[in-house]
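K.L.:
Structure below; questions to follow.
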Amino acid sequence: MKINAPKGTQDILPEQALIWQWVEKQVREVFRVYNYGEVRTPIFEHTELFARGIGETTDIVEKEMYTFLDQGGRSITLRPEGTASVVRAFLEHNLAAKTGVTKLFYFGPMFRQEKPQAGRFRQFHQFGVEVLGENSPLIDAEVIAMATEIYRRLGLDALEVRLNSVGCPVCRANYRQALLDHLTPRSGELCASCQRRLVQNPLRVLDCKSPVCQGITAEAPQLDQYLCEDCASHFAAVRRYLDAMGVVYMIDSRLVRGLDYYTKTVFEVVYQGLGAQNAVCGGGRYDGLVQQCGGPPTPGIGFAAGVERLIITLEKQGKLPELSGAPQVYLSVLGDAPKLKAFEIAQNLRAQGIRTELEYAGRSLKAQMKTADKLNAALVLILGEDELARETIVLRNMKKGEQREVPWRELVTVIQEELG
Ligand code: HAM
């Protein structure tokens, strides 16, 4: 029986990989100009890190983690997100001591055992940033502006930035109580998940998609009315800076995010055209996380963006770039005698940076030309016994349909001219 890839995972084949490389290049360039350094953390960590970092009662920790015992009986988890790992690495290597503010970015696969659907996978990829050690609302605005800059650079439009503040533990506790007072009398009407959330994490009821729950929360008190002075002025400053930078956003008082570490600013970038899984990017401030992971009080903020959803958005908006993975040269060999010389020529072209494919099997000229055509090679070189004797090679420009004989010593120059 044939074995397929596990549900919720995907192979990225060469043609698709060109798009991934292009996206990654653009994203890296934005991170470079904003002065972020790359961090590559392990794909798996001690389970404890995510349980403590993301929150025991979140969907991710409760039911979506790939967790197993290793040979030594230690509980290991495939990372479901990057923030907890980055904070761990920040503490483990004492990065705070190196610079006042630490700005890191990452790019890589994440794992969540969710129900696969359009735009939702079990292995997916994120690029993201984390800034550690900066309290200023200016960095909140800069991080959000940087996220929008990435999408703008990739040519996307019609994306919405949703913004909210979830306050600090103090004002959130007050709000939590007010929300409970509002929801408890009607708890019997809430969906089964929200009845559970009501006990464990009532703020999560706010982002339930069920129309009944939404109806009940529509009349609920709003978080922004409960923010303490510090959180309210921080939020006002973030909005002021965003306005000044010309970043368009909308306040979404239902936006609470699915991870427990957030404080103050939270945001998402959404593309409505994606359907139910419409968030291409999500992030926010997490001023308590470093301490929760065993470090000194250190503010933090960041975001992560889904690469698969980004590429689906590019597709839907007709913004995929035209990229070619075709060889520049296909080297066709006729007969046995020229084989070794052909190999030498191919190696020489490759050393000159020319993308070269070679005939290995010694098939008929017709079969080789068919392959060159299928591969979409720009130029075909033909080396037979006559050319070998004359120290030349036939060069055919596939687009122009012209061919001529070129001496070996002129070959690289002529090819470079032909390729423009
Ligand atoms: P998150 O909202 O869980 O946040 O994920 C960020 C983005 O990853 C989502 O907006 C989405 O584009 C993508 N994503 C998440 N789950 C899936 C999935 N199952 N399939 C496909 N794409 C998915 C975080 O992960 C936080 N660590 C972000 C952050 C960084 N906050 C502060 N710093």
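K.L.:
Cut-off is 10 Å between beta-carbons; in what order do Cys228, Cys171 appear when sorted fewest neighbours first?
P.N.:
Taking fewest neighbouring Cβ atoms as first place, the list is Cys228, Cys171.
K.L.:
P(r) for the chain: what percent of alpha-carbon pairs falls in each 10 Å bin, starting at zero?
P.N.:
Calculated P(r), rounded to whole percents: 4, 18, 24, 19, 13, 10, 8, 4, 1, 0.
K.L.:
Then there's this: Kindly identify segment 329-415 as rounded, prolate or oblate by the Cα gyration tensor criterion: order the square roots of the eigenvalues as a ≥ b ≥ c, call it rounded if a/c is under 1.5, otherwise compare a/b with b/c, prolate if a/b is larger, else oblate.
P.N.:
rounded
K.L.:
Something else about it: Out of segment 305-345, which GluC sites (Glu not before Pro) are coil in DSSP terms and have no more than 10 other C-beta atoms within 10 Å?
P.N.:
Glu322
K.L.:
Let me ask something else. Would you mind ranking Thr57, Thr298 by Cβ crowding within 10 Å, fewest neighbours first?
P.N.:
Fewest to most other Cβ atoms nearby, the residues stand as Thr57, Thr298.
K.L.:
With a 10 Å radius around each residue's Cβ, average the other Cβ atoms per peptide and rank 153-162, 275-284, highest first.
P.N.:
275-284, 153-162
K.L.:
Right, something else. Cα axis of helix 365-375 to longest principal axis of the chain: angle in degrees, 0 to 90, nearest 10?
P.N.:
The answer is roughly 20 degrees.
K.L.:
For the chain, modelled as a Gaussian network with Cα springs under 10 Å, which listed residue fluctuates most, Leu104, Leu13, Leu365?
P.N.:
Top of the fluctuation ranking is Leu365.
K.L.:
How do 189-195, 91-97, 48-54 rank on mean C-beta neighbours within 10 Å, highest first?
P.N.:
So the peptides 189-195, 91-97, 48-54, ranked by packing, come out 48-54, 189-195, 91-97.
Computed from the coordinates by the stated procedures, all read-outs in this text should not be read as laboratory data. Computed from a predicted model, the values in this text were never measured in an experiment. Note that we place each Cβ from the backbone using ideal geometry, even for glycine, and neighbour counts take in every protein chain shown.
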